[in-house]
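Inspection log for the structure reproduced underneath, given as structure tokens.
The values are calculated or read from the model by the stated rules, or taken from the named source; none is laboratory data. Everything numeric here is computed off the predicted structure, so don't read it as measured data. With ideal geometry, Cβ positions are generated from the backbone for all residues, glycine too; neighbour counts draw on all protein chains shown.
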Amino acid sequence: MSMIARILAAPFLIAIPLLAVAAAPALADETPRHGMSMYGDLKYPPDFKHFDYVNPDAPKGGTVRMAAIGTYDTLNPFTLKGVPAAGSGLLFQTLTANSGDEPFSEYGIVAESFIVPQDRSWVAFNLRPEAKFNDGSPITPDDIVFSFEILKTKGAPFYRTYYGDVVKAEATGPRQVRFTFRAADNPELPLIVGQMPVLSRAYWAGREFDRTTLDAPLGSGPYVVESADAGRSITFKRVENHWSDNIPALKGQYNFGRIRYDYYRDSTVALEAFKGGEYDFKQENVAKDWATGYDAPAVTEGLIKREEIVNEQPTGMQGFVFNVRRPIFADPRVREAIGHAFDFEWTNRTLFYGAYKRTRSYFSNSELASSGLPSPAELAILEPFRGQVPDEVFTKAYVPPSTDGSGNLRDNLRIAFDLLKGAGWVIKDRRLVHEKTGEPMSFEILLSQPTWERIALPFAKNLERLGIQARVRTVDSAQYQKRMETFDYDMTVEVFAQSLSPGNEQRDMWSSAAAREEGSRNTIGIASPAIDKLVELVINAPSRQALIDRTRALDRVLLWGHYAIPNWHIQTWRIAYWDRFARPAVTARYSLGFLATWWVDPAKDAALRARRPNRPN
């Protein structure tokens, strides 16, 4: 999931992937453009009518029911206060939309055109005259300036980092707003600003932005809140004849008349509810459930369809991560040793039916992932940091510890003992303690879903063989979110999503400044001057090849820092849905787009209701 999409809590939306860029051929003049691309030519010309992966004639209407896990207590997804409702992003529109079949191209939504000078030191957006909020008031340059200022000052910490190089926003005409950048060395900024959600200055004038609210904020998106029952359900209703319906970048999208989310305690309960017909669509992330959990009459009868769709989406890094703010994890030898106690091969064979590949990069499933030994170009980037980063970065290919899958990891534990001994830890009375302080090696593995217990408990058992006490604790989603925002954890499972073009968001994940700011994505607590400089090199890459080389160099340093114990990834979307939908013949390369591009097929819906008359509306 992209970072802005995560903040907006709007799963399956095509718009707003978090992408950063390398420089492309500069624009020769300041002529208004219908789109922007950081890889050269745009796929879609000025007179394009719609994206290739939509049906422009898709019927509108029908209700789709979705599932969410946990709870919610706010409809404002832009701050750290509270847990936002699933689908909140449906309320808001952005200046531009990303194309789902190009690596990084944007086309206008609220903005009908853009002006970018040759040096990319600023960008101006010309607003559509028809663009308006859902109370009928027009969207003005003043609203765009307000959106930028309020997000940067009172929004989640991510926005301060993401817009950190944007010096100011100002109205430069009745329908034009201009953003000025700190320098001309960050070529992604024009596109980053285009992803900004548009908020109403008038609406928020009498309200506190940084508080929780169950009053639906005024937006300009294709949906409004029809009803909300905090922590139980929320229903969004499509705005009929919305001003954006015929804009090429949105034509044929957002076809459902209503979208309802029902909340469930955990994924096990949610799966049973899905098979019982309580909701319509499920993207399955649990391998065991995919292999064994769909043995139900509705599947046998063909009422529920199951598919695996190959995608080209970068999978990033998922892993058990350390909070290196904790003294026991400060030594990388300790982190490396603990990594030897995780038996991926046994886990994959026994629990996942062999469904996954081991992750070996923070940028997996993309050309940005490091592999083998560093190339000459990577070595040239890394050389100035010799002595500041692990020596292995220069001489070894990173490979996570592995086993034969039998459950016997004696050799791995022997290596772990040696590493721990070198870091000053010894066995006394069958417990691992520090030889100087006598402090035992004891920590908590914090989880947000019971599903993870079957993975974490065998891991903890392996750690016990090293004399380490690892307590597995599962908490509710609200408590988990709060503890992660305040870095109140020892070890947890984290996902660091990546795009095809990393950039500004890397600061929020790895920088020293982010490590000190509660609510940032640097939950690990990495504070390394070398990594700070590598992040800036990635952001300021002058070419695509430079971006690849610099990202691979950063990847190597992160991997050899042993900040995470890599988990696994899969290169398909596993989906199950009740057979009442239709979708375009073409699926976007980088997005599944269920809520955006599918629609209710009246004939299929009628046939399903004839066979299952008691299904919820």
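Answer yes or no: is there a residue in region 492-510 that is surrounded by fewer than 18 Cβ atoms within 10 Å (Cβ to Cβ) and not assigned by TED's automatic domain parsing to the domain that holds residue 189.
yes
Just wondering, is there one or more residues in region 308-315 that are hydrophobic (A, V, I, L, M, F, W, C) and either crowded, with 19+ Cβ neighbours inside 10 Å or in contact with a Gly (Cβ under 6 Å, 6 or more places away or on another chain) (or both)?
Taking every residue of region 308-315 in turn, none turns out to be hydrophobic (A, V, I, L, M, F, W, C) and either crowded, with 19+ Cβ neighbours inside 10 Å or in contact with a Gly (Cβ under 6 Å, 6 or more places away or on another chain) (or both).
Show me the strands (runs of 3 or more DSSP E) entirely contained within region 26-103 in which 2 or more residues are of a type in the set (A, V, I, L, M, F, W, C).
63-69
Taking region 134-145, which residues are surrounded by 21 or more Cβ atoms within 10 Å (Cβ to Cβ) and among the hydrophobic types (A, V, I, L, M, F, W, C)?
139, 144
I'd like to check which helices (runs of 4 or more DSSP H) are fully inside region 135-206 and have at least 2 residues that are touching a helix residue (DSSP H, G or I) at 6+ places or on another chain (Cβ under 8 Å) and at pLDDT 95 or above.
Fully inside region 135-206 and qualifying: 141-154, 201-204.
Let me confirm something: among 416, 456, which residue is within 23 Å of residue 569 (Cβ to Cβ), in the same structural domain as residue 338 (by TED's automatic domain parsing) and small (Gly, Ala, Ser)?
After applying the criteria, what remains is 456.
Give the number of residues within region 156-191 that are in contact with a strand residue (DSSP E or B) (Cβ under 7 Å, 6 or more places away or on another chain), closer than 22 Å to residue 509 by Cβ and either in the same structural domain as residue 485 (by TED's automatic domain parsing) or of a type in the set (A, V, I, L, M) (or both).
3
So, of the residues in region 217-234 that are free of Cβ contacts under 8 Å to residues at least 60 places away in the same chain and farther than 22 Å from residue 132 by Cα, which turns out to be surrounded by the most Cβ atoms within 10 Å (Cβ to Cβ)?
So, considering only residues that are free of Cβ contacts under 8 Å to residues at least 60 places away in the same chain and farther than 22 Å from residue 132 by Cα, the one surrounded by the most Cβ atoms within 10 Å (Cβ to Cβ) is 233.
Looking at region 605-613, is at least one residue among the small types (Gly, Ala, Ser), over 23 Å from the mean Cα position of the chain (by Cα), modelled with pLDDT under 95 and assigned to a loop (DSSP other than H, G, I, E, B)?
Scanning region 605-613 turns up no residue that is among the small types (Gly, Ala, Ser), over 23 Å from the mean Cα position of the chain (by Cα), modelled with pLDDT under 95 and assigned to a loop (DSSP other than H, G, I, E, B).
When you scan region 273-376 for strands (runs of 3 or more DSSP E) that lie fully inside it, which ones turn up with 3 or more residues that are modelled with pLDDT of 95 or more and more than 22 Å from the chain's Cα centre (by Cα)?
Fully inside region 273-376 and qualifying: 304-310.
If I ask for residues that are over 25 Å from the mean Cα position of the chain (by Cα), closer than 14 Å to residue 253 by Cβ and not hydrophobic (A, V, I, L, M, F, W, C), which ones from region 31-60 would you list?
49, 50, 55, 56, 57, 59, 60
For region 218-272, give me each residue that is acidic (Asp, Glu), under 22 Å from residue 599 (Cβ atoms) and part of a strand (DSSP E or B).
Of everything in region 218-272, those that are acidic (Asp, Glu), under 22 Å from residue 599 (Cβ atoms) and part of a strand (DSSP E or B) turn out to be 226, 262.
Do you know which residues across region 428-467 are polar (S, T, N, Q) and surrounded by 13 or more Cβ atoms within 10 Å (Cβ to Cβ)?
442, 448, 449, 451, 462
Any chance you could count how many residues in region 514-563 are touching a Leu at 6+ places or on another chain (Cβ under 9 Å), within 22 Å of residue 321 (Cβ to Cβ) and of a type in the set (Val, Ile, Thr)?
Looking only at that region, the number is 6.
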